[in-house]
Amino acid sequence: MASYGQFCPVAMAAEIISERWSLLVIRELIAGSSRFGEIQNGVPTMSTSLLARRLKELENAGVIERHSDGGKRNITYSLTQSGEELIPVVEMLGVWGQRWVASDVKDDELDPSLLMWDMRRGLNIDQMPEERTVVQFEFDDVDKLGMKRWWLVKDRGDVDLCLTDPGFEVDVEVRSNIRPMVDVWMGRIGLPFAMGSGAIEVDGTPRMVREFPGWLKLNLFAEHAVPGATG
């Protein structure tokens, strides 16, 4: 890590957490990810080698700890006390970004894999039907191979995110461009408004369509968004 060469605590802390991707790795651990693959799902454009390096650096700095029950498949990561004390720092940084920066998202930053991974862990499953429920998302303006269609499968309290058809009957189909769905997820527009305007189309039984908005908890920082077309 590069050093600022200062004894100031802000400078010394920044040497650890301001390395590119480090805060996002910490964000993923705060959000509940613990395995390498889960963390990578939250930082999909980060290379595996760089992620491994950042995890090692954060471990050496005492921010995270590594656990192993034997074998690479059983390795997990968690925050130490030092890392847990960063939680309010990351939360406040997210609130600041939501209020002052997030409205300037460029088209090439609208990553469907990040959106869907965040939605997968942000489903309000208590509001969903008890039986297995499948929601298919299709983004009309996403042309990247394998990123156009996604499936969220809720079954017995667990939610799986699928990039290929899981083979179950689809209960709700959601179709839109990527930006309206991101705007809804980030709290800039309301889902009922987006559905009413046609920006997001939701198909299914009348009951499923009516209940669908209650299935999404929205992003952690959505409540701090500056509203767009409507709240």
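The values are calculated or read from the model by the stated rules, or taken from the named source; none is laboratory data. Everything numeric here is computed off the predicted structure, so don't read it as measured data. Here the Cβ is made from the backbone with ideal geometry for all residues, glycine too, and neighbour counts use every protein chain on show.
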Check your understanding: If you go through region 139-146 one residue at a time, do you hit one that is of a type in the set (Val, Ile, Thr), at pLDDT 95 or above and either outside the structural domain of residue 17 (by TED's automatic domain parsing) or more than 17 Å from the chain's Cα centre (by Cα) (or both)?
Key -> no
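Check whether at least one residue in region 97-113 is in contact with a Leu (Cβ under 8 Å, 6 or more places away or on another chain), at pLDDT 90 or above and either part of a loop (DSSP other than H, G, I, E, B) or among the aliphatic types (A, V, I, L, M) (or both), and report yes or no. Steps first, answer last, please.
From region 97-113, those in contact with a Leu (Cβ under 8 Å, 6 or more places away or on another chain) are none; that's our starting set.
No, the conditions are met nowhere in region 97-113.
Looking for whichever is outside any loop (DSSP other than H, G, I, E, B), without any contact (Cβ under 8 Å) to a residue 24 or more places away in the chain, touching a helix residue (DSSP H, G or I) at 6+ places or on another chain (Cβ under 9 Å) and surrounded by 15 or more Cβ atoms within 10 Å (Cβ to Cβ) here; the options are 28, 57. Which one fits?
Testing whether each residue is outside any loop (DSSP other than H, G, I, E, B), without any contact (Cβ under 8 Å) to a residue 24 or more places away in the chain, touching a helix residue (DSSP H, G or I) at 6+ places or on another chain (Cβ under 9 Å) and surrounded by 15 or more Cβ atoms within 10 Å (Cβ to Cβ) leaves just 28.
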Practice item. Select from region 31-54 the residues that are out of contact with any Leu (no Cβ under 8 Å at 6 or more places or on another chain) and assigned to a loop (DSSP other than H, G, I, E, B) and write down the one among them that is nearest to residue 110 (Cα to Cα). Key: 45
Exercise for review: Name the helices (runs of 4 or more DSSP H) wholly inside region 140-231 in which the number of residues that are over 18 Å from residue 111 (Cβ atoms) is 2 or more.
Suggested key: 191-197, 206-211
